[in-house]
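Before any comments, here is the structure.
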Amino acid sequence: MKHGVASAITVLLVDDHAVVREGYQRLLARDPRLQVVGGAANSAEALDLDRRLQPDVLVMDIALPGVSGIETARRIVARRSGAKVLMFSMYQDAIYAKRAFDAGALGYVSKSSAPDLLVDAVRSVAQGARFVSPDVQEALSEQPSRANELVKSLSPREHEILRLLTLGYDLEGIAERLGVSAKTVANQQSSIKQKLGANSALQLILIARQIGVG
């Protein structure tokens, strides 16, 4: 066994692209204190490898096939005391970072960050310290004022539709409740998505909850 390996910080990489995982592994190899012990392409593999390897740090993408990285982090942290998760994602939005921290992640770094920042983040998270890349930290600090702006951008009807969506109503249920057609609700939902910058119904609901609608 090479000198230093026994005391190295063990890392499990979770990303659905093998080429990307290999790139991360080469990046982390710059620091002899870091040792990548495995790679997972989805939530099931991550849960299994975490159970068997019990790495010091899991570097996890959010956009995994099937179960998301955030939900995977939640399950791992709930199951294994002391598990440390660092989210490494293309998403710089405050909403994703906040969800990740709510799920138990200790760090959040965007993939647009300088390469060396990932190494620093892994070391910090391994020590139990919270780590946030500067761009994401800026988004988090701007969240309250941005939330107010987003809420004000909605009309009273759009606000009500958004509230009902967060409560679990589908388009037909909302239409019946408001006395309008489902097509009208669908059109207004599209308008709400555009105003809030949401790409899907799920993201729309997540944003709604973050800005206090629901």
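What are the residues in the range 156-190 that are free of Cβ contacts under 8 Å to residues at least 12 places away in the same chain and of a type outside the set (D, E, K, R), if any?
The answer is PRO156, GLY168, TYR169, GLY173, ALA175, GLY179, VAL180, SER181, ALA182, THR184, ASN187, SER190.
Considering only residues that are part of a loop (DSSP other than H, G, I, E, B) and touching a strand residue (DSSP E or B) at 6+ places or on another chain (Cβ under 8 Å), look in the range 88-102 and name the one that is surrounded by the most Cβ atoms within 10 Å (Cβ to Cβ).
TYR91
Name, by its number, the condition in (1) among the hydrophobic types (A, V, I, L, M, F, W, C); (2) buried (at least 17 other Cβ atoms within 10 Å of the Cβ); (3) outside any helix (DSSP H, G or I) that does not hold for VAL180.
Result: VAL180 passes all but (2).
Test LEU64 against the stated conditions and say whether it is modelled with pLDDT of 95 or more and outside the structural domain of GLY197 (by TED's automatic domain parsing).
Answer is no for this residue.
Have a look at VAL122, VAL132 and point out the one that is at pLDDT 95 or above, in the same structural domain as LYS84 (by TED's automatic domain parsing) and either crowded, with 16+ Cβ neighbours inside 10 Å or more than 28 Å from ARG80 (Cα to Cα) (or both).
VAL122
Can you say whether TYR108 is within 29 Å of ARG33 (Cβ to Cβ), in a strand (DSSP E or B) and either of a type in the set (Gly, Ala, Ser) or at pLDDT 85 or above (or both), as far as the supplied structure shows?
yes
The values are calculated or read from the model by the stated rules, or taken from the named source; none is laboratory data. Owing to the predicted nature of the structure, the values given are computational and were not obtained by experimental measurement. Heads up, the Cβs are rebuilt from the backbone with ideal geometry, glycines too, and the neighbour counts pull from every protein chain shown.
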